[in-house]
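S.K.: Okay, here's the structure, questions in a sec.
Just so it is clear, none of the values below were taken in a lab; they were calculated from the coordinates. Owing to the predicted nature of the structure, the values given are computational and were not obtained by experimental measurement. Cβ: placed from backbone, ideal geometry, glycine included. Neighbour counts: every protein chain shown.
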Amino acid sequence: MKKMRWLAMLLALVMVAAACGSDSTTEEADGGDAGTEETTDSGETEEVDVAQSGDLTFHMITHSDDGPFWSVVNRGMDAACSDLGVTCVWVPGNNDANVMVQGIEGAIGEGTDGIAASLPDPAALVPALQAAVAEGIPVVTLNSGANDYESIGALTHVGQTEFIAGQAAGNRFNDAGATHVLCGQQEQNNIGLTERCAGLEDTFGGTVTTDFMDLDADTAAQQAAINAAMAADDSIDGFLGVGPVITMSGVRAAGDLGRDITVGGFDLTPELLGAIEAGDVLFTVDQQQYLQGYLPILTMYLNQTNANVIGGGLPILTGPGFVTADNAADVLALSEAGTR
């Protein structure tokens with residue numbers, strides 16, 4: 001955990017710099033703005049105002065189902081809020097864009113100081129986030145939204161480019177000698193998952209079949225759907241799960257059929273990392289979701305307290321990286337600690 005301590009120290013220095021040398025960023029008891037004295041060139045002193053981080057409230061509104069992936073995003077958000085001394089509100093949409101829109105509208109009504117939002121359904125969510133920007137509220141997209149954050153007027157996007165991640169997965173299947181990959185999706189109408197399979201199809205030299213294989217919430221139905229698809233086509237010798245739960249459903253489905261299937265996945269859970277160590281899964285794409293919770297809060301904090309805009313107009317990429325048998329044990333230890 002040395003890296004985490006170093007990160008906390010770095011953030012502390014950023015906070016000191018943003019406060020223009022103030023000894024405190026806490027509001028005074030009477031609710032007024034705390035200040036500090038600054039010496040002028042003439043030797044006189046005058047009181048100057050400093051940003052009060054304790055007054056800031058940020059909302060993180062995502063399509064989270066509070067599963068293993070999103071729990072790590074949530075921990076990243078919580079760590080940033082604690083390190084920076086701000087209040088954060090976690091609003092899970094449970095894969096329902098209408099719930100997310102309600103969350104965005106509610107945050108605007110509450111006078112939030114910033115909204116971090118995933119963008120699984122741009123048609124539904126972009127107008128709501130544009131309304132936030134029109135109110136002067138900083139917005140950062142995370143996880144899904146790399147193709148749409150500029151149209152919103154967001155500060156930046158934090159995540160990976162899903163199409164590029166899919167392309168990288170396709171190259172891994174090429175190297176493994178697969179000829180027909182089934183790309184299984186656990187959500188319908190999620191543009192990020194669609195882009196992952198499209199990227200796979202772009203670089204993979206063989207055949208790609210893409211289909212919805214039921215929700216993570218019902219792994220029995222999901223496994224049965226994958227089993228049926230594999231049983232119906234003997235040429236399928238590869239499976240890409242575009243999430244960690246469905247990846248393991250693919251492993252079990254192939255095992256039930258007694259088929260030698262090359263399996264790749266997306267994202268991390270201890271179970272999936274263990275399967276990589278055991279040789280049952282070739283790889284998983286790591287988008288470092290802890291950073292997707294942490295960095296949007298830091299980005300909005302610095303924008304509010306120091307007028308910083310991070311990224312230079314480009315997204316802040318957290319992936320793709322790969323976990324294979326070579327590094328699975330190290331990443332598993334971090335996953336068990338809740339940060340990977």
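S.K.: Of all DSSP beta bridges located in the range 229-340, what percent are antiparallel, nearest 5?
M.R.: Numbers: 3 of 9 bridges.
Close to 35 percent.
S.K.: Can you give me the Cα centroid spacing of the range 54-130 and the range 225-268 in angstrom?
M.R.: 32
S.K.: Order these by the 10 Å Cβ neighbour count, fewest first: 71, 118.
M.R.: Values: 71 16, 118 25.
Lowest count first: 71, 118.
S.K.: Evaluate the charge dipole of the range 162-286 about its Cα centre and quote only its size in Debye, nearest 20, assuming +1 on the Cβ of each Lys and Arg and -1 on the Cβ of each Asp and Glu. Display every interim value, and only then the final one.
M.R.: On the way: 4 positive and 20 negative charges, 26 e Å.
Result for the range 162-286 is approximately 120 debye, rounded to the nearest 20.
S.K.: Cα-based Rg of the range 162-286 per 2.2 N^0.38 Å, rounded to two decimals?
M.R.: Details: Rg = 12.6 Å, N = 125, 2.2 N^0.38 = 13.8 Å.
With N residues counted in the range 162-286, Rg over 2.2 N^0.38 Å equals 0.91.
S.K.: Separate question: For the range 71-228, compute Rg over Rh where Rg is the Cα radius of gyration and Rh is the Kirkwood radius from the inverse mean 1/r over Cα pairs. Before the final figure, lay out the partial values.
M.R.: On the way: Rg = 18.0 Å, Rh = 17.4 Å.
Radius of gyration relative to Kirkwood radius: 1.04.
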